[in-house]
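Before any comments, here is the structure.
A short reminder: the numbers here are calculations on the coordinates, not readings from a lab. Remember, predicted model here, so these are calculated numbers, not experimental data. Neighbour counts are summed over all protein chains in view; Cβ atoms, including those assigned to glycine, are modelled from backbone coordinates with ideal geometry.
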Amino acid sequence: MIGVSILIFGLMMTFSPERRAAAFVTTPQMAKDIPMLIKKYGFDKPFYVQYFTWIKEVSHLNLGYSLVASRSVFDAFLYYFPITLELNLFASPCIILFGIWMGTIAGIKPNSFFDHFSRIFSIIGWSLPTFLFALVLMMIFYGYFPWFPPGVLSDKLTMFVMNSNDFIRYTHLYTIDGILNGRLDITLNALKYLALPVLTETIVICALLMRVMRSGMLEEMSKDYIITAMAKGADKKTIYLKHARRNALIPVITIAGQLIASLMEGSIAVEIIFNRQGIGWWLASSATQLDMPVLMSMCLVMAVVFVLSNLFVDLIYAYIDPRIRLS
Amino acid sequence: MSKLIEIKDLVTNFYTYEGVVKALNKISLDIDKGITFGLVGESGCGKSVTVRSIMRIVQSPGKIESGQIFFHEENNGSTSDSEPVDLLLQTEKYMRHLRGNKISMIFQEPNAALNPILSIGAQVSESFLFHKKKEMAGKILEHLSAEDDTTLPLIKPFLRFAYTKLAENPQSGLLKLFSRVPVLKLWETKLKQEARRRSVEIIEKLAIPNARKIFDSFPHNLSGGMKQRIVIAIALACSPVLLIADEATSNLDVTIQAQILELLNTLKNDIISSILLITHDLGVVAETCDRVGVMYAGSLCEVADVKELFHNPRHPYTKALLNSVPKRAQAKKLETIEGSVPNLVTPPTGCRFHPRCSLAMEKCKQKTPQIMDKGNGHMVACYAAA
């Protein structure tokens, strides 16, 4: 974490004091105040002083001001994050369960029809660009059959309900809030908007998971303890699911942790194409408009997310693999 | 002595990319009840494939092509043998019932033979949970009726119902349904406790101290010798009639090896009736076996009682093999067998040993010799040994 913070700070320091001070300039008249601004924000101080000032601000969640969102970075994050989170909430289980399920079956019966099918499926998912996939899906399910619209829940009636006093936005996730307020129609509606992005992410990302799971299963099935289990009189289901799969899951968990963590930053292509203004969309816009505070603080957030996901993966490891468990 | 296993003309092939590996070339072998049968031969001669064929756990790409394996199941108390069953014609379900219950197996690599992420206890009790559900249910019912009625009113009738059901039919669909329902699946707790009690018992029987602690530990906590004992415990759990030891001592150091062999010998008297010991160590064979079979390149050369084989080997391969054992006070150079093991994708015609045999005749190259009794149960597959 500290390393990442220094790295981010170092990147920021490559900009001249004037350039950074210019971030605070909002009108042409203020341009002449740049030397004063440099003094005011301490941009002429030695870098380590600046570093600690920055760390202090960051630790108070003061991450700067986002031009794109025209609010503070922290507020903007809270505004965009639920949209990404909601997508991930549905996409992650789909990715993990579907990937493991297909990988297991393909690994149990290599070179069967299902194995070939899953191989083709994963090659398509892995090699086609996400945006193309998203566009094709949208063309079919929105263009030809108007079932699954892009965007987020925003029709007038829903917004009216949303903004009424009775509807409490506990989580800012449309689906969850709908259930919590007893408005299942809103949940169902929101799910309609979610279907295509979730499908896109599932197909694109579970391809890798599936392949790892398959090769893991194949490897474990040739190990000696499988023969021991067979000689014990175990039935096929026990051998596959209790003995082989738990061992094969170990590498899959590592990858799944990384994939889910990277999903948390938002999938830029998916969010832009389906017009869901989440973290990915915000990041992409910030990058094109050189919204430095946003980019820097998002780097920091990503680092936090990755550290947390690694921690989480380690915990699952310890659950599955007794060799890693501490005494 | 009555027969236990009778193998007739067993052929097993492996379909690899290089071609069909003819791993077993019409093996015929009888194993009697109550003996220790040693199967010797060099690496890759088909010893393991033979025993895996008996249990029908030859893994893909291997396939049992033809032959018959008769298993004479013991009838409790009755003197007459029941009708032998041909294992190769049985359903997979029957084989599952047989494996680990009637015939069980221990393996060469104790480190690899245990699942690294399941506890020792879970792996040992699995055997009981597969095969002894009925007996355990009966035992638990006894306990239930003996117990005082101090538990909550509903639990006991439920448990009694579940275990009565289990005693009647271990495959009951209703119980499977129970196992899937969150609270109701607690009925299995007593079954698991019973399996645990039995597992600890069998682990203790194998001279392992601290069995309770071992039960909860994992394979990586144990030494190689310990692991091998656990593998043996798994195999012995259901008191099988035949224990197959597939090079069970090859990877252990000599002291542990001696301990394990000693253990097998004592166990043979108590629990199991016969042992099929696979090894390439002639010393082990001389020490422990009653009868020996010698294999070469997928065919059985010679079967004889152990003393007869060591004193009076009849097959040229056995002779050469015994000659190449280093002896104490040996002055001259150690003898070897000329040539090398044939590739089993394209095995030699006729007798598979003929290219390396000093006594080879024209006939040996054309026709495979049948294994025949040359008196006193000494079976030899060689024209020259007639």
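Only lysines eight or more places from residue B:26 in sequence, or on another chain, were considered; those with a Cα closer than 24 Å are B:3, B:8, B:47, B:63, B:319, B:363, B:365, B:367, B:374.
Taking the charge dipole of chain B about its Cα centre, with +1 at Lys and Arg Cβ atoms and -1 at Asp and Glu Cβ atoms, the residue from B:28, B:162, B:312 reaching farthest to the positive side is B:162. Take each residue of peptide A:220-227, count the partner chain Cβ atoms within 10 Å of its Cβ, and average: the result is 6.
Principal semi-axes of the equivalent ellipsoid, √(5λ) from the alpha carbon gyration tensor of segment B:347-386, are 19, 10, 8 Å from largest down. Here the sum of -39500 (n - 2.57) over DSSP H runs of 4 or more residues, divided by the residues of chain B, equals -11000 deg cm²/dmol at 222 nm, to the nearest 500.
For chain B, the relative contact order is 21 percent, taking Cα pairs closer than 8 Å that sit 6 or more residues apart in sequence and dividing their mean separation by the residue count.
In chain A, the calculated helix contribution to ellipticity at 222 nm averages -22500 deg cm²/dmol per residue, counting -39,500 (n - 2.57) for every DSSP H run with n ≥ 4.
Nearest 10 degrees, 0 to 90: what angle lies between the long axis of helix A:184-221 and the longest principal axis of chain A (Cα atoms)? It is inclined by approximately 60 degrees. Each of A:36, A:64, A:229 was scored by the projection of its Cα onto the charge dipole of chain A, and the greatest displacement toward the positive side belongs to A:229; charges sit on the C-beta of Lys, Arg, Asp and Glu. Note: chain B, Cα convex hull, 175 Å³ per residue.
Computed packing ranks the peptides A:146-152, B:3-9 as B:3-9, A:146-152, most packed first, by mean other Cβ atoms within 10 Å. The label-point distance for residue B:43 and residue B:93, in a model that sets each label 7 Å from Cα toward Cβ, rounds to 4.2 nm.
In a simple Cβ point-charge model (Lys, Arg +1; Asp, Glu -1; nothing else charged), the protein assembly as shown has a dipole of about 280 debye relative to its Cα centre. How much of the DSSP beta bridge set in the protein assembly as shown is antiparallel, as a percent to the nearest 5? Of those bridges, close to 65 percent are antiparallel. With Cα atoms as the point set, the protein assembly as shown shows a radius of gyration and Dmax of 35.3, 118 Å. Helix A:47-59 and the longest principal axis of the C-alpha atoms of chain A enclose an angle of approximately 70°. For segment B:204-280 and segment B:1-65, compute the distance between their C-alpha centroids and round to whole Å. Cα centres, segment B:204-280 to segment B:1-65: 23 Å.
Using C-alpha pairs under 8 Å with a sequence gap of at least 6, the mean separation divided by the residue count of segment B:296-380 gives a relative contact order of 36 percent.
This model, with +1 at the C-beta of Lys and Arg and -1 at the C-beta of Asp and Glu, gives chain A a dipole about its Cα centre of some 560 debye.
Considered as an equivalent ellipsoid built on the Cα gyration tensor, segment B:251-370 has semi-axes of 30, 19, 14 Å, the largest given first. Distance between the C-alpha centers of segment B:289-311 and segment A:28-78? Whole Å please. Segment B:289-311 and segment A:28-78 have Cα centres separated by 88 Å.
Each of A:138, A:241, A:310 was scored by the projection of its Cα onto the charge dipole of segment A:71-320, and the greatest displacement toward the positive side belongs to A:241; charges sit on the C-beta of Lys, Arg, Asp and Glu.
Its Cα gyration tensor gives segment B:171-259 an equivalent ellipsoid. The semi-axes, each the square root of 5 times an eigenvalue, are 32, 15, 11 Å from largest down. Note: relative contact order over chain A, using C-alpha pairs below 8 Å and six or more positions apart, is 24 percent.
Over all directions, the projected convex hull of the C-alpha atoms in segment B:122-199 averages 5.1 nm² in area. This ranking places B:105, A:102 by how few other beta-carbon atoms lie within 10 Å of each, fewest first, which gives A:102, B:105.
Within chain B, the whole DSSP H helices whose Cα atoms reach 15 Å or more along their own axis and whose mean Kyte-Doolittle score is at least 0.5 are B:120-131, B:224-236. Spatial offset of segment A:283-327 relative to segment B:336-385 amounts to 67 Å, using the alpha carbon center of each. The convex hull drawn around the Cα atoms of chain A, when projected onto a plane and averaged over every direction, covers 23.5 nm². Per residue of peptide B:104-113, the mean number of Cβ atoms on other chains within 10 Å of the residue Cβ is 4. Residue exposure proxy: B:303, A:204, ordered by other Cβ atoms within 10 angstrom of their Cβ from fewest to most, comes out as A:204, B:303. Here's how it looks for residue B:4: its modeled amide H is under 5 Å from those of B:31, B:32, B:33, which are all 5 or more places away or on a different chain.
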